[in-house]
Ligand SMILES: Nc1ncnc2c1ncn2[C@@H]1O[C@H](COP(=O)(O)OP(=O)(O)OP(=O)(O)O)[C@@H](O)[C@H]1O
Ligand SMILES: [Mg+2]
């Protein structure tokens, strides 16, 4: 049996009167990169927000590192080792890159060696270290947002559509960054719509539709199976050459 760091089992989430997650079962193996795919409105962001405690699951269980977390407040979930990079590239625009990272280092001063490691794959952060983050390009802001989440080691990193709106060259540097992260002990749950991006990175993949997981397996299998891609993702045969 695979050792899961995070397990969602029968998770339901209501937002107001809407029943959004309708029994989500999801396994995130320890030390791997898991991808969550699905069309717009499938419930991917809601799943991440529910894991983070930003929406409360109305039924089901969420187990992180052997501990039931569904009822915990968000700060406790963060303290337990879960980091979340939301869709919107959350950075403090008026603060410098340095200040953005400084604020994210909760347990004390930033670790210099770790910063150097982050600069290796996000050199723009070093270059713009003392610039207001609001002046950076979309891709660079995304790098600041990811760097904020990993400025200290975290057990689990939740990332929502990091490639949205980014130029191919920037996407390439994000691939490199996630490859680097995979060398560390960080487990990643990555929400994406860019199949080309995640097929190179994912160990496992789950596909959502209408608030449920409709497929779960190894990414290598899905990457090779055009029929399955077509059925699950509606990808045309040559859309992802
Ligand atoms: N704050 C909210 N209030 C009401 N409905 C919401 C809210 N947030 C999300 N929803 C609904 O929940 C469903 C799932 O949304 P969610 O944002 O989780 O989808 P997603 O898979 O992340 O989509 P996308 O790929 O477009 O980001 C959608 O039908 C959406 O309209
Ligand atoms: Mg979303």
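The values are calculated or read from the model by the stated rules, or taken from the named source; none is laboratory data. Small disclaimer: the values here were computed from a predicted structure and weren't measured. Heads up, the Cβs are rebuilt from the backbone with ideal geometry, glycines too, and the neighbour counts pull from every protein chain shown.
Please specify each residue of the range 118-130 satisfying the condition of being surrounded by fewer than 16 Cβ atoms within 10 Å (Cβ to Cβ) and touching a residue at least 12 places away in the same chain (Cβ under 8 Å).
Going residue by residue through the range 118-130, those that are surrounded by fewer than 16 Cβ atoms within 10 Å (Cβ to Cβ) are 119-120, 123, 126-127, 129-130.
Matches in the range 118-130: 120, 129, 130.
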Quiz item: Inside the range 51-63, can you point out the residues that are over 24 Å from residue 105 (Cα atoms) and either free of Cβ contacts under 8 Å to residues at least 40 places away in the same chain or in a loop (DSSP other than H, G, I, E, B) (or both)?
Solution: 55, 56
Quiz item: Is it true that some residue in the range 162-170 is outside any helix (DSSP H, G or I), buried (at least 19 other Cβ atoms within 10 Å of the Cβ), within 16 Å of ligand 1 (Cβ to nearest atom) and modelled with pLDDT of 95 or more?
Solution: no
Self-check item: Index of the failed condition, residue 148 passing every other in (1) surrounded by fewer than 21 Cβ atoms within 10 Å (Cβ to Cβ); (2) within 23 Å of residue 6 (Cβ to Cβ); (3) not assigned by TED's automatic domain parsing to the domain that holds residue 37
Solution: (1)
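Tell me which residues, restricted to the range 16-36, are touching a strand residue (DSSP E or B) at 6+ places or on another chain (Cβ under 9 Å) and within 9 Å of ligand 1 (Cβ to nearest atom). Give the steps one after another, and end with the answer.
Restricting attention to the range 16-36, the residues satisfying the condition of being touching a strand residue (DSSP E or B) at 6+ places or on another chain (Cβ under 9 Å) are 19-36.
Of everything in the range 16-36, those that are touching a strand residue (DSSP E or B) at 6+ places or on another chain (Cβ under 9 Å) and within 9 Å of ligand 1 (Cβ to nearest atom) turn out to be 20, 21, 36.
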Quiz item: Just checking, how many residues over the range 187-209 are at pLDDT 95 or above and either over 22 Å from the mean Cα position of the chain (by Cα) or not in a strand (DSSP E or B) (or both)?
Solution: 2
Quiz item: Which condition does residue 213 not pass, out of (1) buried (at least 18 other Cβ atoms within 10 Å of the Cβ); (2) within 15 Å of the chain's Cα centre (by Cα), if it passes all the others?
Solution: (2)
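For the range 75-123, which residues satisfy the criterion of being at positive phi and more than 16 Å from ligand 2 (Cβ to nearest atom)? Spell out how you get there, then give the answer.
Quick first cut of the range 75-123, residues at positive phi only: 81, 89, 108.
Within the range 75-123, 81, 108 qualify.
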Quiz prompt | Residues of the range 101-131 classified as part of a loop (DSSP other than H, G, I, E, B) and over 21 Å from the mean Cα position of the chain (by Cα), total | solution = 9
Quiz item: How many residues are under 16 Å from residue 159 (Cα atoms) and out of contact with any strand residue (DSSP E or B) (no Cβ under 8 Å at 6 or more places or on another chain) if we restrict to the range 79-103?
Solution: 4
Practice problem: Tell me which residues, restricted to the range 64-99, are in a strand (DSSP E or B) and under 17 Å from the mean Cα position of the chain (by Cα). | Solution: 64, 82, 83, 84, 85
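Yes/no matrix, rows are residues, columns are (1) modelled with pLDDT of 95 or more; (2) more than 19 Å from the chain's Cα centre (by Cα); (3) not assigned by TED's automatic domain parsing to the domain that holds residue 187:
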position	(1), (2), (3)
20	yes, yes, no
24	yes, no, no
28	yes, no, no
31	no, no, no
38	no, no, no
46	yes, no, no
61	yes, yes, no
